[in-house]
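This report concerns only the one structure given below.
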Amino acid sequence: MSTRSPRSTGDTPEPTPGLTRFNTADDEAALAALHEVCASRAWGGKVLARRPYATADALFAASDAAMAELTAEDLAEAMAGHPQIGRPKPGDPTSRREQSGMAGASEALKAEMLELNLAYQEKFGHVFLICASGRTGEEMRDAVRDRIDNTPEQEREIVRAELGKINRIRLTRIAEHAEGDAA
């Protein structure tokens, strides 16, 4: 029977270089990184307060817990940081990468998405939000068509789940990339 700690047996992974950098960054720099993940100040403050993180999974769990605690106002702030589907923020590689499924879409599909986005925004008061990574333009169009008949309460919880997915993807980039890597 061994009395060695799990760390000495190699059972507990060391944090990745990106996660170590995030854990040791001053609060201002860490909050700035979190703001790039999610525009909600409440979410960022909650995730920041739980540092340091031993693993990316611990960071994801903290993100999920913080997302579950967001008020409707906090969710609105988070959504305000996202452009319309089909209209990535100019000069923003993250926005462009996440919406790449619309890049090759036909002009007809882009026009339809614009109309659907506007109808959705008129009904719900915020942009249509979906974790667009890996989705085609047609899949995103079908999702907005399916969701436009939801109640505001249903849509708020779907948006919360979609934001959680987006946050995990963006947090993975923070946790896995060493300084100097392309983000």
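Taking the condition of being loosely packed, with under 12 Cβ neighbours inside 10 Å and either over 18 Å from THR151 (Cβ atoms) or modelled with pLDDT under 90 (or both), how many residues in the stretch 116-138 meet it?
Total satisfying the criteria: 1.
Got a sec? Which of ARG141, ARG170 is under 22 Å from ALA68 (Cα atoms) and either buried (at least 18 other Cβ atoms within 10 Å of the Cβ) or acidic (Asp, Glu) (or both)?
ARG170
For the stretch 33-54, check the following and say yes or no: at least one residue is surrounded by fewer than 19 Cβ atoms within 10 Å (Cβ to Cβ) and of a type in the set (S, T, N, Q).
no
Against the condition buried (at least 19 other Cβ atoms within 10 Å of the Cβ) and at pLDDT below 90, how does ALA183 come out, does it pass?
no
The values are calculated or read from the model by the stated rules, or taken from the named source; none is laboratory data. Quick caveat: nothing in here was measured; it's all calculated off a predicted structure. Here Cβ is always computed from backbone atoms with ideal geometry, including for glycine, and neighbour counts include all displayed protein chains.
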